[in-house]
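**Q** Submitted below is the structure of interest, expressed as structure tokens.
Read the figures in this text as sums done on the coordinates, not as results from a lab. Keep in mind that what you see is a predicted model, and the values were worked out from it rather than measured. Please note: Cβ atoms are built from the backbone with ideal geometry, for glycine as well, and neighbour counts cover all protein chains shown.
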């Protein structure tokens, strides 16, 4: 493994120096020199160089025949029999990947009492549903889930495995990849089969400031967790049916050092933040915790979730679960309405991939306007309640909205 | 209870904006460190003294972050630094950290929920699997802790899940768990004087083909800067006009 600079191609332009996050490149006498001590071999300079002067070589070969791995799998995350919305998005992108690889698309589901969930999944365009049912899997257990899925994947050898980048997917898929000594790319926002037949996985890094494309060349399966709401939900199937493959539970895999105590659903939230199509968010501009009543009324009217900036959470106006941004959640709804949020970079990181952003802020120079699709300069306390009222009035007058 | 508590700190530096930026503790790890220090303080008060050791994998500059951790209440710091670690993906990073933990055998390993640069959230849970220990991710509260078990409340999409775990446990924590302290004068003095232990590949006994770029199942093949999102129209005017315009916009977007 080595990184090298081709002196005949390098003209000392310093593009690579700017691309390096770890201060590992110096230009001396118009030639880039790698400071090996600082270099993390991230590859940023390799793609930054316009003259293809920098290369990283790895001397590596697969340890087994990779052609024995077939099928694209989607992890069918569920809680109490209810399938997570991201699964239907994974089926959609998985369908394309399976087609490009000329292989089958399967969903694998673990749990207990799964009949309804399995029927539901089978109504989507998947070729197979692998069902692993056991009472011990009734609730999520990181250790058990990890051990069971590792075992199933060893036996069936899928080529590609996708899971939602949810708290569940992100916490146990890592262990599966560790057990199988294969790659797992987190939080992908782009997935496609390249000309090389490999899964090209693209993900944001450094808070979305850069996009990295990642390959898992020498091991299988190629695994990825995928951000919610990046891919559209799959339509239901129009023809054929899915083969249901029941997997034999192996009780020896069920030992665990953790046990489930309880699950308490957050009360008063009609819509969960990450799955919401619309989010209405409030920030420092609300001035007081009571401000969220105004936000919530609009959110309820739009069937939206309530979000918040860090400032409002730190002020104690709303629980952390609502925080959007670098130290909170990353969301990508169809519509994000930011009320009284100035839009610091740390907040933007968590919401700038929303399809449409509407910003309402008193300060015409607030940075949120730099990224808002529609900006409205005004006092949110004058604007938001009046807007909610206007929507209610319209809905109260069916003649305008309803033709029947 | 033998008392060592571990805190992992993100291996890489944390930002593309380099000028004047020191290598700092990844913000998520501050909550992990704070929780570790509070746990130590509670245990010490209960007559069971313990220590907090901070571990980070990274280039030599990461020493600054480790000193900062000491100023915030950690007792010892270990930097895992070796040329052979460069290019480690999450598989190798968690492996190298796990190998270091095998030498220390802690009861509790605290990690931030994710790093700020790679933000994969995979390294913590990966360490637990490498070392075959109990794990719990996204912890918002430690409800109870004794010599044998911990009850932790984790923050998930739809609410809170409570689980009981047998020690040793690796946990990743969310911001909600605490409010990190600022360094005390005594802490700052300790940080200045502290000796940062440095472990390389030979100290950990890691085979070279399981570390760095060579051992990593994934490789970055392309890095690009996404196009900036640009602002659109901006409306100013009387509140009533703004409301009308907003309403029309929502109508166009077919949300009302």
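**Q** Please report, to two decimal places, log10 I(q)/I(0) for the range A:66-254 at q = 0.09, 0.16 Å⁻¹ as given by the Debye formula with identical point scatterers on the Cα atoms and no solvent.
**A** For the range A:66-254 at q = 0.09, 0.16 Å⁻¹, log10 I(q)/I(0) is -0.28, -0.95.
**Q** How are the Cα pair distances of the range A:205-266 distributed, in percent, across 5 Å bins from 0?
**A** P(r) for the range A:205-266, in whole percents per bin: 3, 8, 7, 10, 14, 18, 18, 15, 6, 0.
**Q** I would also like to ask the following. Let me have the relative contact order for chain A, percent, based on Cα pairs under 8 Å that are six or more residues apart.
**A** Relative contact order here is 11 percent.
**Q** Then there's this: What's the average, rounded to a whole number, of partner chain beta-carbon atoms within 10 Å of each residue's beta-carbon in A:79-85?
**A** Whole-number average of other-chain Cβ neighbours for A:79-85 is 1.
**Q** If you wrap a convex hull around the C-alpha atoms of the range A:273-401 and split its volume per residue, what is the figure in Å³?
**A** In the range A:273-401, the Cα convex hull volume per residue is 95 Å³.
**Q** Run the quick spin-label model on residue A:13 and residue A:389: label points 7 Å from Cα toward the beta carbon, then report their separation in nm to one decimal.
**A** 5.9
**Q** Another one. Taking the Cα atoms of the range B:81-140, report the difference between the largest and smallest coordinate on each principal axis, in whole Å and largest first.
**A** Answer, in whole Å and largest first: 34, 27, 15 Å.
**Q** Distance in nm between label sites at residue A:113 and residue A:155, each 7 Å beyond Cα in the beta-carbon direction?
**A** Once both label points are built, they end up 2.5 nm from each other.
**Q** Before anything else, pin down the relative contact order of the range A:2-57: Cα pairs under 8 Å, at least 6 apart, normalised by residue count, whole percent.
**A** The normalised contact order for the range A:2-57 reaches 44 percent.
**Q** Ranked by Cβ crowding within 10 angstrom, fewest neighbours first, how are B:123, A:349 ordered?
**A** A:349, B:123
**Q** Let me know the shape class of the range A:2-57, please: from the alpha-carbon gyration tensor, a ≥ b ≥ c as square roots of the eigenvalues, rounded when a/c is under 1.5, otherwise prolate if a/b is greater than b/c, or oblate. Don't jump to the answer; show the numbers that get you there.
**A** Values: a/c = 1.41, a/b = 1.25, b/c = 1.13.
Rounded, since a/c falls under 1.5.
**Q** Work the Kirkwood hydrodynamic radius out for chain B: mean of 1/r over every pair of different alpha-carbon atoms, inverted, in Å.
**A** Numbers: mean 1/r = 0.0499 Å⁻¹.
One over the average 1/r among Cα pairs gives 20.1 Å for chain B.
**Q** Go ahead and set up a Gaussian network model of chain A, Cα springs under 10 Å, then flag whichever of A:135, A:125, A:204 fluctuates most.
**A** A:135
**Q** Going by Cα centres, the range B:50-122 and the range A:50-96 are how many Å apart?
**A** If we compute the Cα centre of each part, the gap is 28 Å.
**Q** Also, quick follow-up: What is the Rg over Rh value, at two decimals, for the range A:276-336, using alpha-carbon atoms and the Kirkwood definition of Rh?
**A** Here Rg/Rh amounts to 0.94.
**Q** I would also like to ask the following. Roughly what % of DSSP beta bridges within the range A:66-254 run antiparallel, to the nearest 5?
**A** 30
**Q** Which of rounded, prolate or oblate describes the range B:171-256 when judged by the alpha-carbon gyration tensor and an a/c cut-off of 1.5?
**A** Taking the square roots of the gyration eigenvalues as a ≥ b ≥ c, the range B:171-256 is oblate.
**Q** Sticking with this structure for a sec: Suppose we keep just the DSSP beta bridges with both residues in the protein assembly as shown; what percent of those would be antiparallel, to 5? Walk me through the intermediate numbers first.
**A** On the way: 44 of 119 bridges.
Just about 35 percent of them are antiparallel.
**Q** Could you work out which residue, out of B:33, B:145, B:66, moves most in a Gaussian network model of chain B, that is, has the largest mean-square fluctuation with Cα springs under 10 Å?
**A** B:145
**Q** If you take every DSSP beta bridge fully contained in the range A:273-401, what fraction is antiparallel? Give it as a percent rounded to 5.
**A** Among the beta bridges of the range A:273-401, antiparallel pairing accounts for roughly 0 percent.
**Q** Specify whether the C-alpha gyration tensor of the range A:113-166 places it in the rounded, prolate or oblate class, a ≥ b ≥ c being the square roots of the eigenvalues: rounded for a/c under 1.5, otherwise prolate if a/b is larger than b/c and oblate if not.
**A** Judged from the Cα gyration tensor, the range A:113-166 comes out oblate (a/c at least 1.5, b/c at or above a/b).
**Q** Plugging the Kirkwood radius over Cα pairs into Stokes-Einstein for chain A, at a temperature of 20 °C and a viscosity of 1.002 mPa s, what D comes out in µm²/s?
**A** Working: Rh = 24.0 Å.
Roughly 89 µm²/s, to the nearest whole number.
**Q** Modelling each spin label as a point 7 Å along the Cα-to-Cβ direction, I'd like the residue B:44/residue A:181 distance in nm, to one decimal.
**A** 4.3
**Q** How many Cβ atoms of partner chains, on average, are near each residue of A:310-316 if near means within 10 Å of its Cβ?
**A** If you average over the peptide's residues, the count of other-chain Cβ atoms is 1.
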